[in-house]
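Q: Okay, here's the structure, questions in a sec.
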Amino acid sequence: MKVLVACVGNIFLGDDGFGTAVAQRLAARNLPGGAVVRDFGIRGLDLAYALLNPWDLVLLVDACPRGGDPGTIYVIEPEIPQPGPAPYPHEDPHDMNPLAMLSTVHAMGGAQNPILIVGCEPGDLGGEEGRLGLTPAVEAAVDEAIAVIENLLSQFARGQSLSMCASPFLEKSSN
């Protein structure tokens, strides 16, 4: 089984560093199914190229503002937006908009594999000045996210469908 746990975020923007914090803690763990954990930070182009590889499952870990309480964990099955006219519509190769990146990968012939987003509701994204470190609510949610990820991986390795693996967290979304 080839599974990628792709963690993204900007550590200089407070809770946007959630994915990186998850990657740091997951690196020391033996994950079910031999999943590969990679911290992409804000390197969107690197993520796009990694997603061109054939994966049985991709878990994208990121801060996801959805209007809930800070620290709320979500599992989202994203609808991949239709690609724009250019294969990479961003001027900044370090820009990290996960849905735009998935659209780009789709335009390049990738993203044919199941993708779930394991997200966390941020409390503070640092504003214009930026901010290092996670808020207490998001810091506390890192271990919960790891438990959700390990559960998803275990169930997926046993052959359960993604919708069964993610219950009760799974949402379908175009956001």
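The values are calculated or read from the model by the stated rules, or taken from the named source; none is laboratory data. Remember, predicted model here, so these are calculated numbers, not experimental data. Every residue, glycine among them, receives a Cβ derived from its backbone with ideal geometry; neighbour counts consider all protein chains shown.
Q: Between GLY71, GLY123, which is at pLDDT 90 or above, surrounded by 22 or more Cβ atoms within 10 Å (Cβ to Cβ), assigned to a loop (DSSP other than H, G, I, E, B) and touching a Gly at 6+ places or on another chain (Cβ under 9 Å)?
A: Among GLY71, GLY123, only GLY71 is at pLDDT 90 or above, surrounded by 22 or more Cβ atoms within 10 Å (Cβ to Cβ), assigned to a loop (DSSP other than H, G, I, E, B) and touching a Gly at 6+ places or on another chain (Cβ under 9 Å).
Q: Would you call GLY133 at pLDDT 80 or above and either part of a helix (DSSP H, G or I) or under 17 Å from THR20 (Cα atoms) (or both)?
A: yes
Q: Right, here's the next one. Give GLY33, GLY44 a once-over and let me know the one that is of a type in the set (Gly, Ala, Ser), over 16 Å from ALA147 (Cα atoms) and at pLDDT below 80.
A: None of the others qualify; the one that does is GLY44.
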